[in-house]
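I have placed the structure first, in the form of structure tokens, so that the comments after it can refer back to it.
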Amino acid sequence: MQLLCVPPAAPLPSHVLIHTLDGASRRATLAVAASLLRHVPAEAVYLGIQPLGAPEHDRAVRMRDLLDARSVALADHGLDMRTELRSGDVSTELEGELALHPHSLLVLGTSNVDFMKWDWLARLLEDPPQRAVLIVNAARAESMAVEG
């Protein structure tokens, strides 16, 4: 099951920020984001975040991985998105990007909801400015695709 949380009277987003908490969730998350973006005219950005102090070699690998994800999203789903790679804490980097765009939606993918940082998400949803968030449970999305 996917979970969409939208604050009351929220406008349509003009910016969609996509992030996956693990590599296993990327395919399903991009599929769900593409489906959403067929109905919402918004800029899409896929943000990769690596830990601070990661070796330069890791950065190059992650950048190639992001470019591959962009190519696959366009080829498989018709999703044209920008990709960016940042270094730092995941919640800090996501909050910083969301702060730049007042009418944004966060699409957050995971393959294991048990490892989600719910306290951070609660702050994101409850503290001003409230943000719309779509949580993609990739394990569930994949099983639905197989069943359907």
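The values are calculated or read from the model by the stated rules, or taken from the named source; none is laboratory data. Only a predicted model underlies this, so the values are computations on that prediction, with no experimental measurement involved. Counting neighbours? That spans all protein chains shown, and the Cβs are built from the backbone with ideal geometry, glycine included.
Restricting to the stretch 73-87, name every residue that is of a type outside the set (Asp, Glu) and either in contact with a strand residue (DSSP E or B) (Cβ under 6 Å, 6 or more places away or on another chain) or surrounded by fewer than 14 Cβ atoms within 10 Å (Cβ to Cβ) (or both).
Selection gives ALA75, GLY78, MET81, ARG82, THR83, LEU85, ARG86, SER87.
For the stretch 71-83, does any single residue satisfy the condition of being farther than 13 Å from THR20 by Cα, without any contact (Cβ under 8 Å) to a residue 40 or more places away in the chain and in contact with a Phe, Trp or Tyr (Cβ under 9 Å, 6 or more places away or on another chain)? Yes - at least one qualifying residue is present in the stretch 71-83. Mind checking which residues of the stretch 124-148 are in contact with a Gly (Cβ under 9 Å, 6 or more places away or on another chain), in a helix (DSSP H, G or I) and modelled with pLDDT of 75 or more? ALA138, the sole residue that qualifies. Scan the stretch 39-57 and tell me whether some residue there is part of a helix (DSSP H, G or I) and modelled with pLDDT of 90 or more. No; the residues of the stretch 39-57 include none that is part of a helix (DSSP H, G or I) and modelled with pLDDT of 90 or more. Anything in the stretch 96-118 that is out of contact with any helix residue (DSSP H, G or I) (no Cβ under 8 Å at 6 or more places or on another chain), under 17 Å from PRO7 (Cβ atoms) and part of a helix (DSSP H, G or I)? List them, or say none. If the condition is that a residue be out of contact with any helix residue (DSSP H, G or I) (no Cβ under 8 Å at 6 or more places or on another chain), under 17 Å from PRO7 (Cβ atoms) and part of a helix (DSSP H, G or I), then ALA99 is the only one that fits. Every listed requirement among (1) of a type in the set (D, E, K, R); (2) under 18 Å from GLY48 (Cβ atoms); (3) in contact (Cβ under 8 Å) with a residue 40 or more places away in the chain is met by GLU95 save one, (3). Here is a check on your reading of the model: is LEU121 part of a helix (DSSP H, G or I) and either surrounded by 12 or more Cβ atoms within 10 Å (Cβ to Cβ) or on the phi < 0 side of the Ramachandran plot (or both)? Answer is yes for this residue. Annotation for the stretch 34-42: no member residue is surrounded by 14 or more Cβ atoms within 10 Å (Cβ to Cβ), within 21 Å of LEU121 (Cα to Cα) and touching a Phe, Trp or Tyr at 6+ places or on another chain (Cβ under 8 Å). Of all the listed residues (ALA24, ALA60, ALA28), the sole one being buried (at least 18 other Cβ atoms within 10 Å of the Cβ) and either at pLDDT 90 or above or part of a helix (DSSP H, G or I) (or both) is ALA28.
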